[in-house]
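Trainee: Have a look at this one before I ask anything.
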Amino acid sequence: MRRNHVVNLLSPLGPSEVRGLNLAEPMDGEFLSEIKTLWQQAGGLLIFRDQQLNQRQHIDFSRQFGTPFGSPDGVPLQDTVSRYLHPDHPEIYRVSNQLDAAGQPRGRARAGTYWHSDVSFRERPASASILYAKEIPKVGGDTLFANTQAAYAALSEAMKDLLAPLTAVHDFAVAAATQYAQPVVINGDFDGTNQALHPVVRQHPDSGRKSIFVNPGFTSHLQGFEKPESDALLNFLYGHMTRPEFIFRQVWQDNDVVMWDNRLLMHYALADYGTEPRYLERTTIIGERPAPGAIGT
Ligand SMILES: O=C(O)CCC(=O)C(=O)O
Ligand SMILES: [Fe+2]
């Protein structure tokens, strides 16, 4: 397959932009594996510029990376966000600060205004999230990404050994309690439906690289620790994971499609743009169960 796209590295951590590639065009297996390799080399963050996709094309592109949450052969996202899904395409989660003609939210306002890894509260959390910017404020509304493989690599051997056997409880209730107002929050948010136990150090299935897999948005505590102990260790990790040298800041351009890997990145959407319209559509791929990083590797 002949392609004329250009790839530009945007940060030493890997994030790269791809220009001149139309994601609506079918990709053969060889080209798809090139894109997957590129995505890995990009530290799990590719920005495809200037895309013109309808919802079907967005979903079809996404399906090449796995089954999206909300698709007929998948499982839905948590019920709390069902009102933000696209009415004709339950695979598409909408982010918006606007109301529609009927006065209903066009999508979730201030979505992800906290560090998190998408859907980490499920036994099989998200692998890729593929977010398409349809309307972007002139300035502001950037999304920050923290590379948790780089953060892991920078830890001392003593800290790596301490973390290796640990597991953490992830629970949507953590975000529901702090980020979601009534009546959006439903009882199911607090009954353990969206709760999972994951290794604190996970190993990426493609690269074998280890990352720190806890996040302030959804992680409630470290299993087996007293609360103050758990809080102290988690707070150390959050401070470390969000050091400036591990951060990439996505300054959105209209029609960007950003594909990120939740297995090695946390993200934070900055809600600093007031009432200027901001509208994005996201597909979210169901990943595998996080594999623990083996001790001593
Ligand atoms: O609005 C954004 O930039 C991202 C929101 C978010 O957390 C997400 O779509 O997963
Ligand atoms: Fe998110």
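The values are calculated or read from the model by the stated rules, or taken from the named source; none is laboratory data. The model shown is predicted, which means the values in this text are computed figures rather than measured ones. Reconstructed Cβ throughout: ideal geometry from the backbone, glycine too, with neighbour counts over all protein chains shown.
Trainee: Kindly indicate the residue of the range 278-297 that is more than 16 Å from ligand 2 (Cβ to nearest atom) and outside any loop (DSSP other than H, G, I, E, B) and also surrounded by the fewest Cβ atoms within 10 Å (Cβ to Cβ) among those meeting that condition.
Mentor: Out of the qualifying residues, it is ALA291.
Trainee: When you go through (1) away from ligand 1 (no atom under 16 Å from the Cβ); (2) closer than 26 Å to PRO137 by Cα; (3) within 16 Å of the chain's Cα centre (by Cα) one by one for ASP261, which number turns out not to apply?
Mentor: Checking ASP261 against (1) away from ligand 1 (no atom under 16 Å from the Cβ); (2) closer than 26 Å to PRO137 by Cα; (3) within 16 Å of the chain's Cα centre (by Cα), the one that fails is (1).
Quick grid of which residues meet (1) in contact with a helix residue (DSSP H, G or I) (Cβ under 7 Å, 6 or more places away or on another chain); (2) surrounded by 14 or more Cβ atoms within 10 Å (Cβ to Cβ); (3) on the phi > 0 side of the Ramachandran plot:
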position: PRO205; (1), (2), (3): no, no, no
position: PRO216; (1), (2), (3): yes, yes, no
position: THR219; (1), (2), (3): yes, yes, no
position: GLU226; (1), (2), (3): no, no, no
position: GLU229; (1), (2), (3): no, no, no
position: GLN250; (1), (2), (3): no, yes, no
position: ARG263; (1), (2), (3): no, yes, no
position: THR275; (1), (2), (3): no, no, no
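Trainee: How about the range 117-140: which of its residues are within 14 Å of ligand 2 (Cβ to nearest atom), part of a loop (DSSP other than H, G, I, E, B) and not β-branched (Val, Ile, Thr)?
Mentor: SER117, ASP118, SER120, PHE121, ARG122, PRO125
Trainee: Which residue pairs have Cβ atoms under 8 Å apart, sit 6 or more places apart or on different chains, and have a first residue in the range 15-26 that is over 13 Å from ASP60 (Cα atoms) and touching a residue at least 40 places away in the same chain (Cβ under 8 Å) and a second that is surrounded by fewer than 19 Cβ atoms within 10 Å (Cβ to Cβ) and of a type outside the set (D, E, K, R)?
Mentor: PRO15/LEU9
Trainee: Anything in the range 242-277 that is away from ligand 2 (no atom under 14 Å from the Cβ) and more than 21 Å from LEU46 (Cβ to Cβ)? List them, or say none.
Mentor: THR242, ARG243, PRO244, ASP272, TYR273, GLY274, THR275, GLU276, PRO277
Trainee: Same structure again: Can you give me the number of residues within the range 147-182 that are of a type in the set (S, T, N, Q) and modelled with pLDDT of 95 or more?
Mentor: Total meeting the criteria: 5.
Trainee: Checking ILE136 against (1) within 11 Å of ligand 1 (Cβ to nearest atom); (2) within 30 Å of PRO292 (Cα to Cα); (3) more than 12 Å from the chain's Cα centre (by Cα), which test does it fail?
Mentor: (2)
Trainee: What tally of residues in the range 85-116 results from selecting those that are within 19 Å of SER211 (Cβ to Cβ) and either more than 12 Å from ligand 1 (Cβ to nearest atom) or in a loop (DSSP other than H, G, I, E, B) (or both)?
Mentor: Going through the range 85-116 one residue at a time, the tally reaches 3.
Trainee: Restricting attention to the range 162-175, does a residue exist that is without any contact (Cβ under 8 Å) to a residue 40 or more places away in the chain and under 20 Å from ALA291 (Cβ atoms)?
Mentor: Yes, because at least one residue in the range 162-175 is without any contact (Cβ under 8 Å) to a residue 40 or more places away in the chain and under 20 Å from ALA291 (Cβ atoms).
Trainee: Still on this structure: When you go through ARG94, ARG110, ARG49 one by one, which is the residue that is surrounded by 16 or more Cβ atoms within 10 Å (Cβ to Cβ), in contact (Cβ under 8 Å) with a residue 60 or more places away in the chain and within 16 Å of ligand 2 (Cβ to nearest atom)?
Mentor: ARG94
Trainee: Something else: Cβ-Cβ under 6 Å, sequence separation 6+ or interchain: first residue in the range 239-257 and aliphatic (A, V, I, L, M), partner at pLDDT 95 or above and away from ligand 1 (no atom under 14 Å from the Cβ). Which pairs?
Mentor: Hits for this filter: MET241/THR148; MET241/ALA151; MET241/ILE212; VAL257/PHE48; VAL257/GLN51.
Trainee: Moving on to the next point. Can you tell me which condition GLU34 does not meet? The list is (1) in contact with a Phe, Trp or Tyr (Cβ under 9 Å, 6 or more places away or on another chain); (2) over 29 Å from HIS240 (Cα atoms); (3) not polar (S, T, N, Q), and all the others hold.
Mentor: All conditions are met except number (1).
Trainee: Scan (1) among the aromatic types (Phe, Trp, Tyr); (2) within 13 Å of ligand 1 (Cβ to nearest atom); (3) touching a helix residue (DSSP H, G or I) at 6+ places or on another chain (Cβ under 8 Å) for the single condition TYR279 breaks and write down its number.
Mentor: Every listed condition holds for TYR279 apart from (3).
Trainee: Name the single residue that is farthest from PHE145 (Cα to Cα) among those in the range 33-70 being of a type in the set (Asp, Glu) and assigned to a helix (DSSP H, G or I).
Mentor: ASP60
Trainee: Just for the range 141-178: of the residues that are outside any strand (DSSP E or B), under 20 Å from the mean Cα position of the chain (by Cα) and among the polar types (S, T, N, Q), which one is surrounded by the most Cβ atoms within 10 Å (Cβ to Cβ)?
Mentor: Looking at residues that are outside any strand (DSSP E or B), under 20 Å from the mean Cα position of the chain (by Cα) and among the polar types (S, T, N, Q), I get THR148.
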